[in-house]
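Here's the structure we're looking at; comments come further down.
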Amino acid sequence: MSDFKYDLEYNTQRKKLVISEYGRNIQKMIDFLVTIEDRNKRTEFAKLIVKIMGRITVQEQDVKLYQNKLWDHLYLMSGVDLDIDYPFGKPSLQEIMSKPERLAYPNNRIRYKMYGANIQNMIKTVGLMDEGQEREEMILIIANAMKRAYIAWNKSAVQDGVIFGHLSELSRGLIELDAGKVKLNPMYDLLAHQSKKSTNGKKNSKKSKKNNKNKQRRK
């Protein structure tokens, strides 16, 4: 029987990765980088590692911001004690680890969710407008948009009077329409408009993909 033993290494026995998305080989390169005594050689090797890091991750649109982030990650993975010439200045651990300010969550109460906040805000704005043709046209546009949204949300027909009632409620009585005098677009017109818009969007998407393929073939 052979006395040969397999020297296997398991992840559970290995050192935990600082940033796992770059993998263990990149981490080993950085561990070796720290041991290089010559500062110029250390800087050149760091640039090479950052290039490799950029190739194995998805590049963001803002190239400068993306490169800055890669150098920050190199700094973290080196144990935050790497003495080299940083192209964006030596990173600050406090700035890297700081969390962005929390976004303010909108507190606007939406009475009818199918209309959304934008239509509700438009109603408030138009309700305060001076009487005139422009105001009347804007009211009709909003009312038809409300009817379209109602049909899309509830998957059912709706009487104009219901829309007018909601419009009056949301405007706090500033906008009043008479169902006997004002007629909104029929349901099939609204659905046809929505279907046409969706079809045009798909055509434009297919056209864009076709153009991109043609550009790649030319290259």
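What follows is calculated from the coordinates using simple rules that are stated; it is not laboratory data. Please read these numbers as outputs of a predicted model, since none were measured by experiment. No Cβ is skipped: glycine too gets one built from the backbone with ideal geometry, and neighbour counts run over all protein chains shown.
Taking θ = phi - 60°, what integer Hz values does the Karplus form 6.51 cos²θ - 1.76 cosθ + 1.60 yield along the stretch 69-86, in sequence order, with x for Gly and Pro?
Ordered by residue, 3J(HN,Hα) equals 5, 5, 5, 5, 5, 4, 4, 5, 6, 8, x, 6, 9, 9, 9, 9, 8, 7 Hz.
Diagonalise the Cα gyration tensor of the stretch 16-97 and give the resulting equivalent ellipsoid semi-axes, square root of 5 times each eigenvalue, largest first, whole Å. Kindly include the intermediate steps, with their values, before the conclusion.
Values: eigenvalues 64, 44, 34 Å².
Computed over the stretch 16-97, the values are 18, 15, 13 Å.
Under a crude label model (7 Å from the Cα following the beta-carbon direction), how far is Tyr86 from Glu21 in nanometres?
1.9
Do any GluC sites (Glu not before Pro) in the stretch 18-115 lie in a loop, going by DSSP, with at most 13 other beta-carbon atoms within 10 Å of their beta carbon, and if so which? Please list the in-between numbers first.
Values: sites: Glu21, Glu37, Glu44, Glu60, Glu95, Glu101; in loops: Glu37, Glu60, Glu101.
Passing sites in the stretch 18-115 are Glu37, Glu60, Glu101.
Taking all pairs of different Cα atoms in the stretch 116-199, averaging 1/r and flipping that mean, what Kirkwood radius in angstroms comes out?
Values: mean 1/r = 0.0754 Å⁻¹.
It is 13.3 Å.
Just to be sure I understand the model, the point goes 7 Å from the Cα along the line to the Cβ. What's the resulting Ala117 to Ile96 distance in nm?
For Ala117 paired with Ile96, the spin-label model returns 3.5 nm.
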